[in-house]
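Input: a single structure, listed below in structure tokens.
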Ligand code: SF4
């Protein structure tokens, strides 16, 4: 299909899709547009980091439907992307990324995921399919997603997402580009052979990224602006620095200066916002808020400190509140920065390195060893793994055994981030209480001299 014909089709489809989306929320289109405009009337300088982030995502979603608060409709090229598809090239071409899993999380938070899950299950999607993808499938069937110009997928993280992307390419009749990512690069060592493998992998992915830019040009008519790409990579680097500085304050401050459950909402390393000006501001503001919190003069606390694995339950739940009544969530897998600063003079290879360096895409034993090496006294792990997650839940047993051997308290919760139909806090409560008790006992043992412990 010629790009102009696709634009014409999308323009018509997105009008219907926006109406469907608004109807699902219980609003008509005008009410939805007015609500958005009211939200955008507040100057950014008056917002907290978390509000700035929420507004950025809302703005991006509206633009994907060709809507802009307070303005008439403007066509927006949209690329559906899988979670770890880098965004810098997409933004440098003036295209808006759209991430199904983020949309599913948004529906989960708004109490709107259940209907989409039932739609997908009623249409033949397996009940045990990952609920991020299943919610997206239900939304696709109900035609509430902004139809894409192109679909960009990586072969890693994760398999259900890659399969669903292929399904959507067929369903919307849109071209798909798949970036093939070699496995296990993050865990390579420093031997000559490992360095050679790393360089080959970087070159392999960098060439594909150049091919991807050509593919986008062919399918949309938009050319890659190299100076713009450099500028955008610079923004990613700057946002990364603020995020890391904020992470350090959050993890090491005592008493804590952040609410861990709110921090999980950033899910920074999965986000489609890398490369935007706004996300630099979001992470800078977050850091400044933490700095101000650190000056409060409160006394240090001995509460257990939790490192959170995977994402949070997005639906309304009792679990997170209960955990935070007894412990502090000080860091998370999803806010961890795993890649180095990117080289502005070598954009494709830099982006390739960043995509390749995902600890989650290497052997479980090696990534677990890295985690063990980075745990501190007084910290334990809560892994909230969706039962349907083929990638993380399937690793839980090996992780738990390794953590036990290393003496690191770990609690694995078989949950779901989006689907609340199996949520049963009372069943979990006993296990959580036992876990906190083990953390407190460990803290006491660490504090007592060996003689007092009879050793
Ligand atoms: S929960 Fe697991 S299966 Fe689902 S999108 Fe995330 S990594 Fe993939």
Next item on the list: Answer yes if at least one residue in the range 378-385 is more than 16 Å from the ligand (Cβ to nearest atom) and assigned to a loop (DSSP other than H, G, I, E, B), and no otherwise.
Entry: yes
Checklist line | Of all residues making up the range 334-358, the number that are within 16 Å of the ligand (Cβ to nearest atom), modelled with pLDDT of 95 or more and out of contact with any helix residue (DSSP H, G or I) (no Cβ under 7 Å at 6 or more places or on another chain) | finding: 0
Check: Within the range 192-202, is even one residue surrounded by 13 or more Cβ atoms within 10 Å (Cβ to Cβ), more than 23 Å from residue 130 (Cα to Cα) and in contact with a strand residue (DSSP E or B) (Cβ under 7 Å, 6 or more places away or on another chain)?
Finding: no
Next item on the list: Considering every residue within the range 295-312, establish whether at least one is over 28 Å from residue 237 (Cα atoms), buried (at least 19 other Cβ atoms within 10 Å of the Cβ) and within 16 Å of the ligand (Cβ to nearest atom).
Entry: no
Notebook entry, point to check: Within the range 173-191, can one find any residue that is crowded, with 20+ Cβ neighbours inside 10 Å and within 16 Å of the ligand (Cβ to nearest atom)?
Noted result: yes
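Across the range 363-393, which residue is surrounded by the most Cβ atoms within 10 Å (Cβ to Cβ) among those that are under 30 Å from residue 203 (Cβ atoms) and under 18 Å from the mean Cα position of the chain (by Cα)? Steps first, answer last, please.
Keep residues of the range 363-393 that are under 30 Å from residue 203 (Cβ atoms), which gives 363-371, 373-374, 390-392.
If we keep only those that are under 18 Å from the mean Cα position of the chain (by Cα) as well, we get 390-392.
On the way: 390: 14, 391: 18, 392: 21.
Ranking the qualifying residues of the range 363-393, first place goes to 392.
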Notebook entry, point to check: Failed condition for residue 316, given (1) surrounded by fewer than 19 Cβ atoms within 10 Å (Cβ to Cβ); (2) under 22 Å from residue 186 (Cα atoms); (3) in contact (Cβ under 8 Å) with a residue 12 or more places away in the chain, with all others met?
Noted result: (2)
Check: Restricting attention to the range 20-35, does a residue exist that is surrounded by 15 or more Cβ atoms within 10 Å (Cβ to Cβ) and touching a strand residue (DSSP E or B) at 6+ places or on another chain (Cβ under 9 Å)?
Finding: no
Next item on the list: Can you tell me which residue among 371, 413, 432 is within 16 Å of the ligand (Cβ to nearest atom) and more than 30 Å from residue 227 (Cβ to Cβ)?
Entry: 413
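Given the options 361, 322, name the one that is touching a residue at least 60 places away in the same chain (Cβ under 8 Å) and within 16 Å of the ligand (Cβ to nearest atom). Working first, answer last.
On the way: 322 fails: within 16 Å of the ligand (Cβ to nearest atom).
Of 361, 322, the one residue that is touching a residue at least 60 places away in the same chain (Cβ under 8 Å) and within 16 Å of the ligand (Cβ to nearest atom) is 361.
Just for helices (runs of 4 or more DSSP H) wholly inside the range 39-110: which have at least 2 residues that are more than 24 Å from residue 131 (Cβ to Cβ) and either touching a helix residue (DSSP H, G or I) at 6+ places or on another chain (Cβ under 9 Å) or away from the ligand (no atom under 16 Å from the Cβ) (or both)?
It comes to 49-64, 88-92.
The values are calculated or read from the model by the stated rules, or taken from the named source; none is laboratory data. In this text, all values refer to a predicted model and were calculated from it rather than measured experimentally. Virtual Cβ from ideal backbone geometry, glycine too; neighbours counted across all protein chains shown.
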